[in-house]
1. Would you pick out the residues in the stretch 67-91 that are among the hydroxyl-bearing types (S, T, Y) and more than 18 Å from G30 (Cα to Cα)?
2. With the condition being at pLDDT below 90 and open to solvent by 80 Å² or more (accessible area, probe 1.4 Å), I'd like the strands (runs of 3 or more DSSP E) fully within the stretch 64-144 carrying at least 1 qualifying residues.
3. Kindly indicate the residue of the stretch 41-52 that is of a type in the set (S, T, N, Q) and open to solvent by 80 Å² or more (accessible area, probe 1.4 Å) and also modelled with the highest pLDDT among those meeting that condition.
4. Please return the ranges of strands (runs of 3 or more DSSP E) entirely within the stretch 1-61 where 1 or more residues are free of Cβ contacts under 8 Å to residues at least 12 places away in the same chain.
Amino acid sequence: AISFTQAMTLDASGRLGIGNTNMSSFDSYGNQLVVGNGSTNQGITIYASASTESSLYFADGTGAASYRGYIYYRHSNDSMFFGTNAATALTIASTGAATFSSSVTAGSGGTVKPQFIAEGGPSLGAGMAFNTGLSGADRRNWFVGTEENVAGDFVIKSSNAAGGNAQSGTTRFAI
């Protein structure tokens, strides 16, 4: 004879509990799917191939509204993306460097994509890079942080070089 132990519960309101039978006791904004019983480590795994992406979407409709907010992981280069308003707002590269990005209208009426990048490492220095996203003579990249391979130095540097590497730019201030 086969013996079954209940592992999932679907209640009359359409709430699903995995390892949980009391979904209605959780906040109504997040009780449609409850995973775990609170007594041990719990988790959810999204399993995809090494050349694809794993995703979680937040929708308020269909079509373009089906991805108004999202979190996805790109397995091919081990990067993670966070989206708001149907556009990527934060990218985290496999190195741990984080890029925040949003479009804004500049005083001249053009659109620019300012970014905030925080990265560091034993031979890289650590700090914040600011990139206007413009090109040519209008490009401005700033770095505020510690010098690479120099213990304790704090610097502010700028550059208009392609690629946004202000860390190797002109030192404007150093301590």
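The values are calculated or read from the model by the stated rules, or taken from the named source; none is laboratory data. Computed from a predicted structure; not experimentally measured. As a convention, Cβ positions derive from the backbone with ideal geometry for all residues, glycine included, and neighbour counts pool all protein chains shown. For the accessible areas, the whole protein counts, side chains as well, though only heavy atoms, and no ligand, DNA or RNA atoms are used. Shrake-Rupley method; radii C 1.70, N 1.55, O 1.52, S 1.80 Å.
1. Taking the stretch 67-91 as the starting set, the residues that turn out to be among the hydroxyl-bearing types (S, T, Y) are 67, 70, 72-73, 76, 79, 84, 88, 91.
Y67, Y72, Y73, S76, S79, T84, T88, T91 - these are the residues of the stretch 67-91 that are among the hydroxyl-bearing types (S, T, Y) and more than 18 Å from G30 (Cα to Cα).
2. Numbers: elements: 69-74, 79-84, 87-92, 98-101, 115-121, 125-131.
Per the criteria, 79-84, 98-101, 115-121, 125-131.
3. Among them, the one singled out is S51.
4. Values: elements: 8-10, 16-18, 33-35, 53-58.
The qualifying strands (runs of 3 or more DSSP E) are 8-10.
Yes/no matrix, rows are residues, columns are (1) among the polar types (S, T, N, Q); (2) surrounded by 13 or more Cβ atoms within 10 Å (Cβ to Cβ):
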position	(1), (2)
T5	yes, no
A12	no, no
L16	no, yes
S25	yes, no
S28	yes, no
S39	yes, no
S54	yes, yes
